[in-house]
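The values are calculated or read from the model by the stated rules, or taken from the named source; none is laboratory data. Predicted, not measured: the structure shown is a model, and the values here were computed from it. Quick reminder, even Gly has a Cβ in these numbers, built from the backbone with ideal geometry, and neighbours come from all protein chains shown. Just so you know, the surface numbers come from the protein's heavy atoms only, side chains and all, with ligands and any DNA or RNA stripped out. Shrake-Rupley method; radii C 1.70, N 1.55, O 1.52, S 1.80 Å.
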Amino acid sequence: METLPLAAPAHDMSIYGLFMQAGWIVKLVMIGLLAASIWSWAIIIDKSMAFARMRRQFARFEENFWSGQSLEELYRTLSDRNVTGMGALFVAAMREWKKSFERGARSPMSLQSRIDRAMDVALGREMERLESRLVFLASVGSVAVYVGLFGTVIGIMTSFQAIAGSESTNLAVVAPGIAEALLATAIGLIAAIPALVAYNKLINDAGKLGARMEAFADEFSAILSRQIDERMSQTQRQAAE
């Protein structure tokens, strides 16, 4: 009696089914890409909210700075707080200003140089804080696609081995393995594209915030330079009298 060929086993072609049917290497690739995507979105949301807060802080600080309030009074208000952005630059410059005059600064050039260095250090810390974790987005944006392709290559190799073992090129045999492999590439693209777009936007926003802080530092340095000259002139007149 002639036996009928066995029907090809049914495959679950849903995303979950394709994931569960994939080999363990491809599964690890998919899980890693999904984890990177989730962490990327957490960074994107956190940084977007942080940059929006910093823009509001800049606006409030500039309003207070140019309101006619004395620098000493504004320094007393901010010195005991954990300030960031322009406030951090202002506090660093004023702290160096007060320390230098308390120690009897005599050279206006050296005082101006120390104030500028103090603001440069504060600006460097603020830029480092602004750009923190953005490198991860750049890495995901540039690497995730290739990691997904690695999973795809492994999946296709596994599919070819299954074809060789079954000695059949029937589409029902080939399609599930190819679909599992291509799913890794799709997940890689899902992780890479938002991360790359967000990195470009956020690094541009960080550069704009840094430019605003640098412009404030230059302007405040000029203000302090004029005050240093006035104090030195006043000290020289008192000494002459």
- Do we find that LEU34 is modelled with pLDDT of 90 or more and open to solvent by less than 60 Å² (accessible area, probe 1.4 Å) in this structure? no
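Considering each of TRP41, TRP24 in turn, give the residue that is at negative phi, modelled with pLDDT of 95 or more and not basic (Lys, Arg).
Going through TRP41, TRP24 in turn, the sole match is TRP41.
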- Message: Just the residues that are of a type in the set (D, E, K, R) and under 28 Å from LYS98 (Cα atoms), please, taken from region 110-159.
- Response: ARG114, ASP116, ARG117, ASP120, ARG125, GLU126, GLU128, ARG129
- Can you name the condition, by its number, that SER79 falls short on among (1) over 29 Å from ARG212 (Cβ atoms); (2) under 30 Å from the mean Cα position of the chain (by Cα); (3) at pLDDT below 90? (1)
- Give me a count of the residues in region 75-94 that are polar (S, T, N, Q) and touching a residue at least 24 places away in the same chain (Cβ under 8 Å). 1
- Pairs under 7 Å by beta carbon, first residue touching a residue at least 24 places away in the same chain (Cβ under 8 Å) in region 117-129, partner surrounded by 14 or more Cβ atoms within 10 Å (Cβ to Cβ) and of a type in the set (S, T, N, Q), six or more apart or different chains? MET119/SER221; GLU126/THR84
